[in-house]
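Enquirer: Submitted below is the structure of interest, expressed as structure tokens.
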Amino acid sequence: MNSKLVFMALIAALMAAFISASWIRGAPSQFPSIYDEEYESEYDQDFDDEIVPVFDYEEVEEEASVLEQATYVVKSGDTLSAIAARTGCTVAKLVSLNNIKNANLIHVGQKLTLCGSSPSPAPHPAPAPAPHPAPAPSHGGAPHGVNYKQCDSRWKNDKLGFGSNTICSAGCLMSSVADALAAKGVKIGGSLITPGNFAPWLRANGGFSGDLYVWTAVSKLHSARYEGQRNLSASEIDSYISRGATLIANCNAGHHWIHAYARSGSNILVNDPGYARTSYPLSGIVRYAIYWF
């Protein structure tokens with residue numbers, strides 16, 4: 001009896017196992033293996049499809065070519081007037097297109113927008129905040145000029161040198177030197193020197209190469225010695241000013257010139273021909289041109 005029951009139980013177990021195995025083989029797989037043929041073929045299709053680029057590289061290259069034709073990178077020995085002549089532009093147009101503050105000064109590596117391009121108009125410089133009253137200078141403080149403005153209505157439209165610039169558009173350097181000479185009481189034709197009478201005097205006396213100011217020409221008007229240009233420490237500024245030197249400072253990343261007449265702490269006090277400023281931080285000065293009048 002017992003052996004018969006055991007035999008029947010064994011048969012039942014075998015039948016149950018067979019039924020279970022058949023159901024598993026026939027049932028759909030809820031979580032298919034990554035090796036399933038259907039999914040493998042879908043993956044293959046995904047990777048075999050052509051990848052369409054987001055950018056049209058030919059169009060980008062074409063635009064880059066146009067950009068290259070519309071700009072010029074300044075090289076050693078270049079001047080704005082020479083670049084204008086080579087590219088069929090004018091100095092005045094290059095000054096306007098590139099928001100250049102001083103046509104006498106451009107830098108190697110500087111990228112210039114040329115005539116015929118359509119750049120976004122250069123923003124007008126934000127008005128300088130009203131300066132706080134300047135503290136009493138710690139060094140210097142001698143009579144320091146008239147504070148001439150290059151865009152004064154009396155001469156703003158007057159010709160600068162032999163190019164197309166006016167005193168207003170590119171005369172910050174010449175106006176600063178005129179201001180320094182006025183501090184010494186220098187006159188032209190019996191009248192105190194101004195940007196208005198200094199520019200034509202310079203044109204008649206070798207003071208311009210194109211529109212570029214010639215530093216040594218002023219010696220024909222007034223006993224003057226041009227020492228050159230270099231960086232100065234605070235103590236060197238004090239030394240030069242105390243000994244009577246005139247400093248014409250270059251600022252705004254090399255694009256602007258001002259007449260510096262005294263130092264006050266970490267600032268240089270100035271007559272600025274282009275802006276309503278009375279001082280600049282020493283750290284904002286690129287270099288100083290040194291005159292002995």
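The values are calculated or read from the model by the stated rules, or taken from the named source; none is laboratory data. No experiment lies behind these values; they were computed from the predicted model shown. Glycine gets a Cβ as well: all are built from the backbone with ideal geometry, and neighbour counts include every protein chain shown. Accessible surface areas use protein heavy atoms only, side chains included; no ligands, DNA or RNA. Shrake-Rupley method; radii C 1.70, N 1.55, O 1.52, S 1.80 Å.
Enquirer: Given the protein chains as shown and a 1.4 Å probe, how many square angstrom of His259 are accessible, to the nearest 10?
Expert: 10
Enquirer: When Lys and Arg each count +1 and Asp and Glu each count -1, what net charge do the other residues less than 14 Å away from Val270, Cβ to Cβ, add up to?
Expert: Local charge sum for Val270: +1.
Enquirer: May I ask you to list the trypsin sites (Lys or Arg not before Pro) in the stretch 217-293 that are in a DSSP loop and have at most 10 other Cβ atoms within 10 Å of their Cβ?
Expert: Those that pass, being in a loop and sparsely packed, are Arg243.
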